[in-house]
Amino acid sequence: MSFFLALSQENSEAAHAAAGTAAEAGAHAAGHGGAEKFDAGHMILEHILDAHTLEVPFVGHVHLPTIHLFGVDLSITRHVVMMWIASLLILTVAILAARMHKLAPGRLGHLVEMAVLFIRDELAIPNIGHHGVRYVPYLLSTFLFILFCNLLGLVPFGATATGNINVTAGLAIMAFVMMQMSGIREHGLVTHLKHLVPAGVPAWMMVIMVPVEIIGMVAKPFALCIRLFANMMGGHVVILSLLGLIFILGSWFVVPVSVGFALFINMLELLVAFIQAYIFTMLTSLFIGMSVHPH
């Protein structure tokens with residue numbers, strides 16, 4: 001998982017710039033209006049974009065270390081911390097389940113076993129075939145990592161790392177590598193490349209078919225990246241927008257409606273957290289199966 005931790009740094013400066021621009025616009029409007037106005041855009045951007053600060057209960061905003069190595073920004077940001085927490089929780093659950101299973105099978109051990117069997121019997125083997133068992137560790141790690149990152153975004157003072165396109169791009173790149181490596185491992189490099197074009201295609205069609213197949217190969221992980229990013233960010237934008245209506249309209253009559261709809265969307269986000277983790281893992285296993293069995 002450490003492969004894509006650094007990728008989430010790239011948008012931190014853009015996040016600060018966007019938030020700063022929204023804040024300046026709000027201050028400018030307040031100066032002309034004679035009173036401070038609620039800036040919904042700044043509020044939404046502050047919650048969904050990455051930042052170099054972490055909000056800690058009873059402490060406030062804690063500034064995270066800024067690291068620059070060989071001209072590369074490797075600073076620790078809020079979403080990086082969330083990914084660390086998700087990884088730590090997964091390791092903790094796995095270690096505890098393994099130790100408890102050796103002593104006496106408990107609820108945690110059975111829960112982890114259910115997750116492993118679900119990934120193996122419902123995703124890996126049906127989509128990849130009898131070779132799917134070897135991909136269970138990767139698919140299970142992907143599923144749990146996305147799920148924990150999604151759920152952390154629903155916790156107070158938390159942040160949704162999967163709402164950062166750099167994080168989802170890192171996951172998509174890893175999926176793309178697994179797709180290609182599975183095909184190369186099964187058929188060899190030359191045969192795997194030959195599968196880009198179906199057998200029996202005329203030679204003059206190669207000029208068209210090869211670029212189209214390459215675009216299709218890249219489009220699969222790109223779709224994984226955008227789908228997860230858009231779904232996780234979109235839900236939080238809707239919740240924040242509903243709550244922002246209370247301050248924008250400044251009426252007590254809006255409070256029960258906005259809070260009620262926000263709670264409904266929040267419960268829906270809990271379901272979406274599981275669904276998106278499942279969809280990403282299912283499509284990854286399906287694309288790996290298409291690489292292993294191209295025809």
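Coordinate-derived values only; no laboratory data. Small disclaimer: the values here were computed from a predicted structure and weren't measured. In this analysis, Cβ positions are derived from the backbone assuming ideal geometry, glycine residues included, and neighbour counts consider all displayed protein chains.
General observations
- The orientation-averaged projected area of the convex hull spanned by the Cα atoms of region 192-295 comes to 9.0 nm².
- Relative contact order (percent, whole number), the chain, Cα cutoff 8 Å, 6+ residue spacing: 22
- Among the helices of the chain, those built from whole DSSP H runs whose Cα atoms reach 30 Å or more along their own axis and whose mean Kyte-Doolittle hydropathy is at least 1.0 are 78-103, 206-249, 254-292.
- Lys, Arg +1 and Asp, Glu -1 on Cβ, resulting dipole of the chain about Cα centre, debye, nearest 20: 920
- Three principal axis lengths of region 80-185 [C-alpha, angstrom, descending]: 43, 42, 18
- Global form of region 220-265, assessed from the alpha-carbon gyration tensor, a/c cut-off 1.5: prolate
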